[in-house]
Amino acid sequence: MKETIIILGANGQIGTELAQALRKKFGSLQVITSDIREPQILSENEIFEPADVLDKDGLRSLFLRHKPTQIYLLAAILSATGEQYPQKAWDLNMNGLLNILDIAVELGIKKIFWPSSIAVFGPHSPKKDTPQYCIMDPNSIYGISKLAGERLSEYYHNKHGLDIRSIRYPGIISWKTQPGGGTTDYAIHVFFEAIRTGKYECFLSEDTALPMMYMEDAVRATIQLMDAPAENLTIRSSYNLAGVSFTPREIAKEIKKILPNFEMSYKEGDPRQAIANSWPQSIEDDYARKDWNWELEFDLEAMAKDMINNLKTNG
Ligand code: SER
């Protein structure tokens with residue numbers, strides 16, 4: 001079957017690179033990118049349609065025009081920005097998802113990807129090797145909206161047969177597009193500043209371990225999950241994905257191996273510390289490995305090398 005894909009929130013950190021990968025796989029004309037903002041660059045043969053995920057009528061007419069077979073809903077407000085604008089974060093993260101789920105049922109669009117996050121875990125979840133199923137008591141509005149979204153996804157799968165698939169992304173590290181308003185953003189800023197000024201003041205303490213993943217792995221995981229036979233998938237809420245866990249101290253050490261003069265300092269009192277403290281330090285992803293043969297490629301060393309090479313050449 002010829003696939004037609006619509007990516008909503010396509011101008012963000014993940015959308016930008018996922019769109020490139022999907023265009024390569026399915027052909028440029030089969031992938032329609034969409035966002036509330038116009039993209040900075042649009043090459044020939046690339047289709048962009050402006051849309052607001054909170055505008056249900058606009059979405060319906062977009063879907064009726066393009067008849068997508070797959071939808072990727074990436075529009076969201078992340079953890080740190082969510083704490084500044086909780087009402088807006090709840091509205092966008094929840095009602096955006098509900099709009100897509102409802103229209104998908106109405107128009108018979110079956111296959112949907114929607115990302116969840118490590119933010120669904122909370123202070124009473126196990127901190128190390130956090131399993132797929134455990135106590136989940138997120139205390140950021142972002143985490144609360146993602147956990148509710150996971151429950152909705154499973155509900156729409158069970159009730160309406162939607163083929164919805166999801167990953168609990170760790171912090172995603174990339175050099176092409178900067179992230180917006182997350183707690184894990186330090187792990188990207190640190191590379192940009194290491195190249196630009198040779199130093200970085202980190203807003204998380206040096207021993208704050210968090211699960212992270214290089215963008216190449218995140219994009220590959222997403223496409224691999226979307227390609228997996230539906231009958232192999234035992235999870236319709238969202239799959240844990242371990243990635244690689246490290247602290248600011250460890251990433252600084254890795255950068256210093258390549259840029260020996262790099263200096264990291266730490267600033268106390270940032271509100272993102274409390275969010276980070278409520279999240280897992282490492283995650284278990286046995287279901288992803290069993291159900292769709294997931295395997296990580298980039299460890300911390302490979303990620304640091306690739307980030308620095310790319311930022312030096314293309315940054
Ligand atoms: N990277 C995200 C954030 O920090 C987590 O999903 O908000």
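Points to keep in mind about this one:
- Taking trypsin sites (Lys or Arg not before Pro) in DSSP loop states with no more than 11 other Cβ atoms inside 10 Å as exposed sites, the chain has its longest site-free stretch at 129-266.
- For His160, the solvent-accessible surface with a 1.4 Å probe is about 90 Å², rounded to the nearest 10.
- For the range 135-276, size of Cβ-based charge dipole, Lys and Arg +1, Asp and Glu -1, in debye: 160 debye
- A cut-off of 5 Å between modelled amide H atoms, ignoring neighbours fewer than 5 places along the same chain, links Ala242 with Asp285.
- Cross-link reach list, lysines versus Lys199, counting only Cα pairs under 20 Å and skipping chain neighbours closer than eight places: Lys253, Lys256, Lys257, Lys267, Lys305, Lys312
- For the chain, share of DSSP beta bridges that run antiparallel, in % to the nearest 5: 10 percent
- Within the chain, the ratio Rg/Rh, alpha carbon atoms throughout and Rh by Kirkwood, equals 0.95.
- Cut-off under 5 Å, modelled amide H: who pairs with Gly171 long-range: Met212, Met213
- Here is the list for the range 32-100: GluC sites (Glu not before Pro) lying in DSSP coil, each with at most 15 other C-beta atoms within 10 angstrom of its C-beta, are Glu44.
- With a Förster radius of 41 Å applied to the beta-carbon distance between Gln87 and Lys312, the computed FRET efficiency rounds to 0.50.
- Which of Asn277, Leu62, Thr222, positive extreme of dipole for the chain (C-beta unit charges): Leu62
- The HN-Hα couplings worked out from phi for the range 115-123 by the Karplus form 6.51 cos²θ - 1.76 cosθ + 1.60 (θ = phi - 60°) are x, 9, 7, 4, 5, 6, 8, x, x Hz, whole numbers, x standing for Gly and Pro.
- Share of carbon and sulfur in the accessible area of the range 140-265 stands at 50%, probe radius 1.4 Å.
- A simple spin-label model places the labels of Leu107 and Asp207 5.2 nm from each other, with each point 7 Å out along Cα-to-Cβ.
- A Gaussian network model of the chain, with springs between Cα atoms under 10 Å, assigns the largest mean-square fluctuation among Phe113, Phe48, Phe121 to Phe48.
- Each residue of the range 35-47 was assigned a 3J(HN,Hα) from its phi angle through the Karplus expression (A = 6.51, B = -1.76, C = 1.60, θ = phi - 60°), giving 6, 6, 9, 5, x, 5, 10, 9, 7, 4, 6, 9, 9 Hz with x at Gly and Pro.
- Between Asp217, Asp227, Asp285, the Gaussian network model of the chain with springs among Cα atoms under 10 angstrom shows the greatest mean-square fluctuation at Asp227.
- Pairwise Lys count, the range 82-162 - Cα closer than 26 Å, eight or more residues apart or different chains: 8
- Long-range HN-HN contacts of Ile112 with modeled amide H, under 5 Å: Ile71, Asp163, Ile164, Arg165
- Couplings 3J(HN,Hα) of the range 127-134, computed from phi: 7, 10, 6, 4, x, 4, 10, 6 Hz, in residue order, whole Hz [Karplus 6.51 cos²θ - 1.76 cosθ + 1.60, θ = phi - 60°; x for Gly and Pro].
- Extension gain, Met94 back to Asn139 (0.36 nm per residue minus Cα-Cα distance, nm): 14.6 nm
- The calculated FRET efficiency for the pair Glu250 and Ala21, based on their C-beta separation and a Förster distance of 25 Å, comes to about 0.30.
- Spin-label pair Ser28/Asn261, simplified geometry with 7 Å Cα→Cβ offset, distance in nm: 4.2 nm
- Neighbourhood charge, 9 Å Cβ-Cβ cut-off, centred on Pro115 and excluding it, Lys, Arg +1 and Asp, Glu -1: +2
- Relative contact order, percent, the chain [alpha-carbon distance under 8 Å, six or more residues apart]: 18 percent
- For the range 152-302, the C-alpha radius of gyration sits at 1.17 times the compact-globule guess of 2.2 N^0.38 Å, with N the residue count.
The values are calculated or read from the model by the stated rules, or taken from the named source; none is laboratory data. Computed from a predicted model, the values in this text were never measured in an experiment. Quick reminder, even Gly has a Cβ in these numbers, built from the backbone with ideal geometry, and neighbours come from all protein chains shown. Accessible surface is based on the protein model in full, side chains and every heavy atom, while ligands, DNA and RNA are left aside. Shrake-Rupley method; radii C 1.70, N 1.55, O 1.52, S 1.80 Å.
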